[in-house]
Each structure stands twice: as structure tokens, then as C-alpha cells.
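Chemist: Sharing a structure with you now.
The values are calculated or read from the model by the stated rules, or taken from the named source; none is laboratory data. Model, not experiment: these values are computed from the prediction. Positions of Cβ are backbone-derived with ideal geometry, glycine not excepted, and every protein chain shown enters the neighbour counts.
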Amino acid sequence: MRLLVFEFITGGGLVNEPLPDSLAQEGNMMRAALLQDLESIKDVSLIVLNDLRISEPEINSGILLHIEPGINLQSYLSDIKESYDVVWLIAPETECILLNWNDFFIQQNKPMCLSASDALALCQNKLQTVEHLQRANISCVPSQSYDSFVARESGEWVLKPMDSVACEQVYLLRKKQDWIECLKQLSKVSTYLLQPYIDGRAMSLSALFYAGEATLICCNQQNLSLIQNQFQLTECIVNVQQDRRGEYQALCSEIAAAIPGLWGYIGIDFIETEMGEMFILEINPRLTTSYVGIRAATGLNVAEHVLGLLDEKTPNLYQIKSETINVKIH
């Protein structure tokens, strides 16, 4: 198998634009972890895209393609499409980037290590995702579209772009002055989601999805800081809450039934209250930062199982160890 690895931020997706430092850091970490897993799999030949502004990834074999400023990346990939068989795409949902690149490779008739297009389209819109899951009786953080006519009730609120990735432009608003400062920074071309702030721990689930089913990999805790009313992810603690694995597996299965087009590695962000209630925030249909610590925490080579799904092999996720791994972000 000749596998093209395209992590959008580090792989030249923004080659003619400024690189966002935080996303480049997380993208680099995810790509490095993925490449390490892929290199240990037999009969996989890697082709890796790399923006020249990013340090070269460490690969022992395979081909590294340097993406230079001025290049038209889609034209370039069209020209070399016969050199790869399968694509592993990692890209943000923002501005339909993930969905559009997925469509590009589908037009090349390339198998993708990614969910179906309808699932990607749903998950890139946080409000539609919440409403869809609620219709399936899955508990989510109450959500509404924000515009200037929405009544600003008292209390604590979270405001974020409808298609935000990571903690990009995610604001916590507690008082009138917070609203005033935040509204100055909002983009006029973006749509925003408004949610009540729920006191609890920011958590995520890492799981494999396939054919309307799901297998839990692990639960992770997301440590956040607040800088000028914006959340920032500082650390992922991978493989926590072992005593709730049954409940987490049940939640993954419910989501898989509700969105059968989900496929491969999926990240599920949720809030867990002191009472143990779980409220879904969003679904990430791609690798997430938690992936970086999974192999060290569990011994699992998740990439191998994802590639196995291409051959319809049901994953048997036998963990050879169970440790907690801290992944520092900032």
C-alpha cells in the first residue's frame, strides 16, 4: 500500500498563507505520532507532504515531498496521483477544509482513512451535530445559533464559531464587559454557536467507528486555561477514568448508531459534571491531539487497526498496558 499522509497545517495546506502557531504545533505532534505508528506496519510505503516552513518529520523510509510557496497544491497532487493508492487526511473542519479536501481525493477515486462525506458535513457544523444527536436522545450541551438579536441572559456563556477547531476563538463570557470585548473580535463572515457554560471537566473519548458500530479506545481529560476570556488547551491527559469504560463504550455505540457514516479514528468532546453526567460538545471526525499519547498509554497501534478497517477487519483492541500519559500542548 502506498499511503499519502496529508496533515493539512504541516503538509502545505497553508503554504501560501501564514501558519497559525498553535495549530501547527498540534498538527506536527499528531503527524509525528501517526508516522511512528505507520512505519511499524508491514507493506505500507509512506508518502508525506511537508510545508518547507515546518521541520522535516522523522521517517526512516518512504518519500518526503517538500511543498514550496507559490505551489497550487491540488494541481500538484493531481499530477502525482498515480504515485499513491490510499490517503490519510487530517484537516480542520473550519471553512469546509476537511470536507473539500475529502471531496478532492474522492474525485481521484482514492480510498480514504476518513468518515463518509455526509458524516463530515454534519460534524463540521456544531449546531447541526447537537440537534442530530438530541433527536437520538443523546445528551448534549444546549446550543443555539448566535446573532445580535439573541437575548443576552445573565450567567456564564460560551461563544464559538460554528466550525471552530481546537479552542480557536472559543470565548467564556461572564459579564457585560466580556461581551463588549468579545463582540469586537468576531468575524463578520463567520457564524457562531452560543452555549451555557456547564461546570465540569472537559473530557474526550477516542474511539474507532465502522459500519454503524464503535469500539472505545480510551477516555482523556483536557486541561484548559483562560487567557483574555479565550480557552486554550494546555494539556491532554490520555487514558483516564478506567472505571467508566462501560458507560463510555455505550455512549460511543449510541453515537455510531446515530451517525453511521462515522469511520476510523473519531474524537468526541464532552463535559462531565461532578454528578457523572455527560454532555456532548462536538464530534471530531479525524485525528485529535489525544492520539499523540495513545500508544504510550495503551500499547495500541491505532493506525494499524484503521488500515485494517479498509479490509473490513473488525478491530480487536487488546491493550497490552494501561497507563496515563500527559501530552503537553502549551
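Chemist: Just one of 156, 131, 181 is closer than 20 Å to residue 258 by Cβ, charged (D, E, K, R) and either at pLDDT 95 or above or surrounded by fewer than 16 Cβ atoms within 10 Å (Cβ to Cβ) (or both); which is it?
Modeler: Among 156, 131, 181, only 131 is closer than 20 Å to residue 258 by Cβ, charged (D, E, K, R) and either at pLDDT 95 or above or surrounded by fewer than 16 Cβ atoms within 10 Å (Cβ to Cβ) (or both).
Chemist: Is it the case that some residue within region 186-196 is basic (Lys, Arg) and without any contact (Cβ under 8 Å) to a residue 12 or more places away in the chain?
Modeler: Within region 186-196, one or more residues are basic (Lys, Arg) and without any contact (Cβ under 8 Å) to a residue 12 or more places away in the chain.
Chemist: Can you tell me which residues in region 249-292 are small (Gly, Ala, Ser), farther than 17 Å from residue 224 by Cβ and in contact (Cβ under 8 Å) with a residue 40 or more places away in the chain?
Modeler: Residues satisfying the conditions are 253, 256, 257, 258, 261, 264.
Chemist: Okay, moving on. For residue 232, indicate whether it is touching a Ser or Thr at 6+ places or on another chain (Cβ under 6 Å), more than 24 Å from residue 37 (Cβ to Cβ) and either not assigned by TED's automatic domain parsing to the domain that holds residue 32 or not basic (Lys, Arg) (or both).
Modeler: Yes.
Chemist: Here is a follow-up. Quick one: would you say residue 313 is without any contact (Cβ under 8 Å) to a residue 60 or more places away in the chain, over 26 Å from residue 112 (Cα atoms), in a loop (DSSP other than H, G, I, E, B) and not assigned by TED's automatic domain parsing to the domain that holds residue 34?
Modeler: no
Chemist: Give the number of residues within region 125-146 that are part of a helix (DSSP H, G or I) and touching a strand residue (DSSP E or B) at 6+ places or on another chain (Cβ under 7 Å).
Modeler: Residues flagged as part of a helix (DSSP H, G or I) and touching a strand residue (DSSP E or B) at 6+ places or on another chain (Cβ under 7 Å) within region 125-146 amount to 6.
Chemist: From 39, 56, grab the single residue that is of a type in the set (D, E, K, R) and at pLDDT 95 or above.
Modeler: It is 39.
Chemist: Also: Test residue 323 against the criterion of being surrounded by 14 or more Cβ atoms within 10 Å (Cβ to Cβ) and either within 15 Å of the chain's Cα centre (by Cα) or in the same structural domain as residue 231 (by TED's automatic domain parsing) (or both), and give yes or no.
Modeler: Here the answer is no, as residue 323 does not meet what is asked.
Chemist: Check off (1) more than 19 Å from the chain's Cα centre (by Cα); (2) assigned by TED's automatic domain parsing to the domain that holds residue 312; (3) of a type in the set (D, E, K, R) for residue 181 and give me the number that stays unchecked.
Modeler: Evaluating residue 181 over (1) more than 19 Å from the chain's Cα centre (by Cα); (2) assigned by TED's automatic domain parsing to the domain that holds residue 312; (3) of a type in the set (D, E, K, R) leaves (2) as the failure.
Chemist: Go through region 190-211 and count every residue that is of a type in the set (Ser, Thr, Tyr) and assigned to a loop (DSSP other than H, G, I, E, B).
Modeler: Summing the residues that are of a type in the set (Ser, Thr, Tyr) and assigned to a loop (DSSP other than H, G, I, E, B) in region 190-211 gives 3.
Chemist: For residue 183, work out the one condition from (1) assigned to a helix (DSSP H, G or I); (2) touching a Gly at 6+ places or on another chain (Cβ under 6 Å) it doesn't fulfil.
Modeler: (2)
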